Amino acid sequence: MKFNPTFLATITLAMATSAAAQTMKPGLWEITNKMQPGSGEMEKAMADMDKQMAGMPTEQRKQMQDMMAKQGMGMGQGGAGGMRMKVCMTREMVERNEMPSQQQGDCKTTHSPRSGNTMKFSYTCAQPPSSGEGQITYVSDTAYTMKMATTATVRGRAEKMNMDTSGKWLSADCGNIKPKK
C-alpha cells in the first residue's frame, strides 16, 4: 500500500477540529488523538502506514518524519490507534474561534453556541469525503478534551469511528511550528 496523504488529511482534520475555543491561550498546543475504529479498516490502514514507514530506507523515513514534524505531526506517538501533533494558535485565531487548517480539501465546520465549558460542532468535507460531530469540554484555557464520531472513506469504503482527543497548551512560543491559514 502506498502512503495515503488523503487518509492522513482526514485524521488531521479530526485532530485539528478540536483545537479551537473562545478561551484558549494562544501559542503552541499538543493534541493527542485516540481512535476506536468500527470495522477495523482504519486501524489496518494506520498499521499499514506504520509498517510502510518502518520499511523505508533510513534517509527516506527521516525525510517523511521531518516533513510531518514541520507540520507539527507525528504518527504512532499517541499510543495504539493514536497520533500526536502540535499546532500553533495565534491570538487572532483564538479570538475568531478558528481552527487550525491542517486538512486538505473542501471542508466546512459549524459550531453551536458554547454552553458553560462545552461546545458542540459538526463538519463535512467533500475531499476527502468525511463528516463528523462531537463535543469539546474545556477544562481550562490550557487544556480540553473532545469526543467525536466521524465517518470517512478508507480504501473506497465508509468507515465509522469514534475519537477521543485531548489538547494541552505547551507554550506561548510556537517555535518552528507555523500557524495554518
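Full extension of the segment from residue 50 to residue 145, taken as 0.36 nm per residue of separation minus the current Cα-Cα distance, would add 31.6 nm. Per the Kirkwood formula applied to alpha carbons, the range 120-181 shows a radius of gyration over Rh ratio, Rg over Rh, of 1.07.
Taking a point 7 Å from the Cα of residue 155 along the Cα-to-Cβ direction, none of the residues of the range 106-141 has its backbone N closer than 17 Å to it.
Bear in mind these aren't lab numbers, they're just calculated from the coordinates by the rules spelled out. These figures come from a predicted structure and were not determined experimentally. No Cβ is skipped: glycine too gets one built from the backbone with ideal geometry, and neighbour counts run over all protein chains shown.
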